[in-house]
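> Let me begin by handing over the structure; questions about it come next.
Since every read-out is calculated from the coordinates, none of them should be taken as a lab result. Just so it is clear, the structure is predicted and the values come from calculations on it, not from any experiment. As a convention, Cβ positions derive from the backbone with ideal geometry for all residues, glycine included, and neighbour counts pool all protein chains shown.
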Amino acid sequence: MRPKLMIVAAIALASSSAVGAQVQTQTPVLEAASVPAGIDRSTQTDDVHFRSDSTQRMTVPVLLSGQGPYRFLVDTGADRTAISREVARSLQFVSSEPALLHSISGASTITTARVPLLQLTRNEVRGINAPLLEAEAFTAGQYRLVFSAGTYFAAQGVNVPQPAFIDEVTLDFGVADPALHYHVPLLVSPFSFSTYRGS
């Protein structure tokens with residue numbers, strides 16, 4: 001019985017090799033570029049001098065209406081420029097309409113101020129409605145974040161079996177040194193999550 005099976009397998013391999021040989025195409029030859037493409041002369045670039053503050057956060061020097069420089073925190077996750085209430089008061093910026101601020105702990109209505117001119121190197125942005133945030137820091141202690149993962153996945157159109165394996169993720173964490181920066185990301189899928197203290 002075994003010799004017949006081996007012969008059938010050998011015939012099947014031989015026939016698939018023959019079919020593969022018929023459909024095989026020639027591999028194209030690619031030539032290396034001899035000269036690099038020209039530099040885009042229309043793009044303007046500026047050197048920005050980053051600095052880390054005492055809590056190891058990256059900051060850049062910014063002028064507000066010609067005053068400063070003020071050290072602005074570089075936050076790649078933020079979609080707006082925010083300033084402290086104290087800076088807005090000292091520069092006599094005019095109050096603007098309230099805005100809805102979304103954070104990991106929920107949404108709240110906050111006041112904004114009109115920043116007539118913001119300058120970073122040669123780049124200028126005019127007429128920003130900047131949310132006003134308090135300059136005070138966290139105090140040492142225990143904090144709790146609740147992430148609504150199930151609601152998030154539903155809003156994204158993710159097909160999750162019901163009841164969801166992960167619906168809400170509650171994270172209790174401690175702030176030992178309020179002078180340090182605490183970034184608490186949540187990496188989540190419908191079936192697992194993890195977190196860490198970022199910088």
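> Give, in nm to one decimal, the length gained when the segment between LEU145 and SER108 is fully stretched (0.36 nm per residue of separation minus the Cα-Cα distance).
Here the answer is 11.8 nm.
> Which FRET efficiency, nearest 0.05, do MET58 and GLN92 yield, Cβ-Cβ r, R0 35 Å?
0.75
> So, in nm, how far is label LEU120 from label HIS183 when the simple model puts each one 7 Å beyond its Cα toward the Cβ?
1.5 nm
> Fully extended, how many nm does the chain gain between GLN67 and ASP167 (0.36 nm per residue separation, minus their Cα-Cα distance)?
31.3 nm
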